[in-house]
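Student: This is the structure I want to talk about, given as structure tokens.
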Amino acid sequence: MTKRRKFLIASFVLSLGFVGIQFLDNPYKIDAIFVLSLVTSILFLWSLWEGIGKNSTLLTLILPAFFTGGVGVFWFLLPSNVFARLPMIIFYGLGIYALSLTMNVFTVSAVRTIALLRAARGVGFVLTLITLFLIYNAILSLKIPFWGSAPLITALSFPLFLQGFWTIPLDKKISKDLLILSLVSSLVVGEISVSLFFWPATLVVGSIFLTVAVYILLGLGQAKLEQRLFRQTVREYLLVGILVFIGMFFATHWGG
């Protein structure tokens, strides 16, 4: 069976899984999403079996599983009608297929360089941001105190930072520098989430702000790993952060 056919099967099966979750009672839906995330990893392992070994190529299983979990928890925030949820199922299926192609490029590029690598990095970068936005949105919607939400945000950000940074060197072993960079970036996002507890920002604005922080940290980190961390690059990323902060300031209702 060709890889492309495996990718299509995985996308179809996982999309059906999301449809099936809707027929479960609410107490079982969270568990079902967790199971579906595990199934995502299993299906991706099956699809990418030829390129995955007992090394850092296993990191390619992280983003698909988190993408499933992110879409799953965001699902609960959607209106319970077909017009809101059908587009999300379509988006999820297309996202899984795009991730299949992207992770395949990474596993192949870990052995030899191919022309599609830069495009795959771009797709992976965008899907990482989307995934974390959905996860942050779900966490902030719980309205738990910052001493609970900040560690959770830090812990969930770390694997995605690690996978995102790894896509640059694509080494078979995870270096100490990669771990430190991922840990520091995750801690920074966690600290920023603490500030949101004292900022009367809306759920969406807060989620966007955290996602932009990931955009800056992941972008600068990848540029550093590529040895392309020029002043102009830093200015561009910081400019985005400043503009988002200004927009967040004016979008906040300060009147209480």
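Every number in this text was worked out from the coordinates using simple rules, so none of it is lab data. Remember, it's a predicted structure, so these values are computed and weren't measured experimentally. All Cβ positions, glycine included, derive from the backbone under ideal geometry; neighbour counts span all protein chains shown.
Student: From the phi of every residue in region 193-206, what ³J(HN,Hα) in whole Hz does the Karplus formula 6.51 cos²θ - 1.76 cosθ + 1.60 yield, where θ is phi - 60° and glycine or proline is x?
Tutor: Going residue by residue, I get 5, 5, 4, 5, 5, 9, 10, x, 8, 6, 4, 5, 4, x Hz, with x marking Gly and Pro.
Student: Only helical DSSP H runs with n ≥ 4 go in: add -39500 (n - 2.57) per run for the chain, normalise by residue count and round the 222 nm mean residue ellipticity to 500 deg cm²/dmol. Don't skip to the end; give the middle numbers.
Tutor: Numbers: 9 runs with 195 residues, N = 256.
Value at 222 nm, helices only: -26500 deg cm²/dmol.
Student: Return the FRET efficiency for the residue pair residue 142, residue 251: r is the Cβ-Cβ distance, R0 is 25 Å, and the value is rounded to the nearest 0.05.
Tutor: For residue 142 and residue 251, the calculated efficiency is 0.70.
Student: For residue 177, what is the net charge nearby, where nearby means another residue's Cβ is under 14 Å from its Cβ and Lys, Arg count +1, Asp, Glu -1? Display every interim value, and only then the final one.
Tutor: Working: positive: 173, 176, 224; negative: 171, 226.
That works out to +1.
Student: If I stretch the segment between residue 233 and residue 191 completely, what's the gain in nm (0.36 nm per residue apart, minus their alpha carbon distance), one decimal?
Tutor: Details: separation 42, 0.36 × 42 = 15.12 nm, distance 2.38 nm.
Difference between extended and current length: 12.7 nm.
Student: Give, as ranges by residue number, the residues of region 127-169 whose backbone N falls under 19 Å from the point 7 Å along Cα→Cβ of residue 243.
Tutor: In region 127-169, the label zone of residue 243 (backbone N under 19 Å from the point 7 Å along Cα→Cβ) covers 129-130.
Student: When the chain is fully extended, how far beyond the present Cα-Cα distance does residue 58 get from residue 198, taking 0.36 nm per residue of separation?
Tutor: Details: separation 140, 0.36 × 140 = 50.40 nm, distance 3.83 nm.
Full extension of this stretch gives 46.6 nm more.
Student: So, one more: At a threshold of 8 angstrom on Cα-Cα distance, excluding pairs fewer than six apart, so keeping six or more, what relative contact order does region 121-256 reach in percent?
Tutor: Relative CO of region 121-256 lands at 30 percent.
Student: What are the equivalent ellipsoid semi-axes of region 178-256, built from the alpha-carbon gyration tensor (square roots of five times its eigenvalues), in whole angstrom, biggest first?
Tutor: 26, 15, 7
Student: Could you calculate the FRET efficiency of residue 224 with residue 86 from 1/(1 + (r/R0)^6), where r is the beta carbon distance between them and R0 is 35 Å, rounded to 0.05?
Tutor: The computed FRET efficiency comes out at 0.25.
Student: Below 8 Å, C-alpha to C-alpha, sequence gap of six or more: please give me the relative contact order for region 40-175 in percent. Walk me through the numbers on the way to the answer.
Tutor: Values: 109 pairs, mean separation 47.9, N = 136.
Dividing the mean separation by the residue count of region 40-175 yields 35 percent.
Student: Counting only Cα atoms, I'd like the Rg/Rh figure for the chain, Kirkwood definition for Rh. Before the final figure, lay out each step's value.
Tutor: On the way: Rg = 18.5 Å, Rh = 19.1 Å.
Rounded to two decimals, Rg/Rh equals 0.97.
Student: Straight-line reach from residue 143: which lysines have a Cα under 30 Å away, not including same-chain ones fewer than 8 places off?
Tutor: 29
Student: For region 40-66 and region 218-239, what is the centre-to-centre distance using only Cα atoms, to the nearest Å?
Tutor: 28
Student: What is the P(r) of region 1-114, as percent of Cα-Cα pairs per 5 Å bin from 0?
Tutor: Percent of Cα pairs in each bin: 2, 12, 24, 22, 16, 11, 7, 4, 1, 0.
Student: For a test of the definition: using alpha carbon positions, the gyration tensor, and the 1.5 limit on a/c, classify region 103-167 as rounded, prolate or oblate.
Tutor: Prolate, because a/c is 1.5 or more and a/b exceeds b/c.
Student: Another question about this same structure. By the gyration tensor of its Cα atoms, with a ≥ b ≥ c the square roots of the eigenvalues, what is the shape of region 69-214: rounded for a/c under 1.5, prolate for a/b over b/c, or oblate?
Tutor: Here region 69-214 falls in the oblate category.
Student: Treat the count of other C-beta atoms within 10 Å as a stand-in for reagent exposure and order 88, 103 from fewest to most. Could the numbers behind the result be given before it?
Tutor: Working: 88 14, 103 28.
Ordered from fewest to most neighbouring Cβ atoms within 10 Å, 88, 103 come out as 88, 103.
Student: Can you list the lysines whose alpha carbon is less than 23 Å from that of residue 224, not counting same-chain residues fewer than 8 positions off?
Tutor: 172, 173, 176
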